[in-house]
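So the structure is just underneath, and the comments pick up after that.
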Amino acid sequence: MPSLLFCGPKMAACGMVISIWGVIMLAMLGIFFSTNSAVLIEDVPFTEADIREDKQPPQRIYALYRQVGINCFIAAAVYVAVGAISLCQVRLNKRQEYMVT
């Protein structure tokens with residue numbers, strides 16, 4: 001039976017730590033973008049045309065804020081998946097330590 005183990009214990013632990021940090025950071029950014037935080041305006045991809053052509057100027061900018069917030073939540077979900085894979089690798093590495101070959 002082929003083994004599902006593809007990384008060592010240190011790499012798996014590093015993946016878990018980075019995943020935990022990524023989930024926390026991106027979830028907080030997603031929350032702040034969803035609440036239209038003024039501090040993050042430099043990270044919203046808008047042009048002058050977005051401001052000039054909009055009949056209700058803040059609405060297009062708010063839509064861009066929401067889109068960036070959704071992107072942050074999607075990236076956090078990817079980090080959750082990577083963390084789950086890393087957790088499985090840690091468990092497989094621990095199980096392999098106890099096996100006698």
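The values are calculated or read from the model by the stated rules, or taken from the named source; none is laboratory data. What you see is a predicted model; the values in this text were computed from it and never measured. Note: ideal-geometry Cβ built from the backbone for every residue, glycine included; neighbour counts use all protein chains shown. Accessible surface areas use protein heavy atoms only, side chains included; no ligands, DNA or RNA. Shrake-Rupley method; radii C 1.70, N 1.55, O 1.52, S 1.80 Å.
Above 15 Å lies some portion of the pair distances; for segment 15-66, what is it as a whole percent of all C-alpha pairs?
Numbers: 706 of 1326 pairs.
Roughly 53 percent, once rounded to a whole number.
Suppose the chain between Asp43 and Gln67 were pulled fully straight at 0.36 nm per residue; how much longer would it get relative to their current alpha carbon spacing? All intermediate terms of the calculation are to be shown ahead of the outcome.
On the way: separation 24, 0.36 × 24 = 8.64 nm, distance 1.17 nm.
So the extension gain works out to 7.5 nm.
Considering the convex hull of the alpha carbon atoms of segment 1-43, report its projected area averaged over all viewing directions, in nm², one decimal.
Average projection, Cα convex hull of segment 1-43: 4.7 nm².
Can you give the charge dipole size of the chain about its Cα centre, rounded to the nearest 20 debye, using +1 on the beta carbon of Lys and Arg and -1 on the beta carbon of Asp and Glu?
Roughly 520 debye for the chain.
Provide the per residue accessible area, probe 1.4 Å, for segment 1-66, rounded to a whole number of square angstrom.
Numbers: 5000 Å² over 66 residues.
About 76 Å² of surface per residue is accessible.
As a check on your grasp of the helix formula, calculate [θ] at 222 nm for the chain: sum -39500 (n - 2.57) over DSSP H runs of n ≥ 4, divide by the residue count, round to the nearest 500.
Dividing the helical sum by the residues of the chain leaves -25500 deg cm²/dmol.
How far, in nm, would the chain grow between Ser3 and Arg60 when pulled straight, counting 0.36 nm per residue and subtracting the alpha carbon separation?
15.5 nm
Of Leu4, Cys14, Ala27, which is farthest along the charge dipole of the chain in the positive direction, counting Lys and Arg as +1 and Asp and Glu as -1 at C-beta?
Leu4
On the protein heavy atoms, probe 1.4 angstrom, tell me the percent of accessible surface of the chain carried by carbon and sulfur.
Exposed carbon and sulfur together represent 69 percent of the surface.
What number results when the radius of gyration of the chain, computed over Cα atoms, is divided by 2.2 N^0.38 Å?
Values: Rg = 20.5 Å, N = 101, 2.2 N^0.38 = 12.7 Å.
Normalised Rg, Cα atoms only: 1.61.
Which residues in segment 1-30 have a backbone N closer than 19 Å to a point placed 7 Å from the Cα of Leu87 along the Cα-to-Cβ line?
4-28
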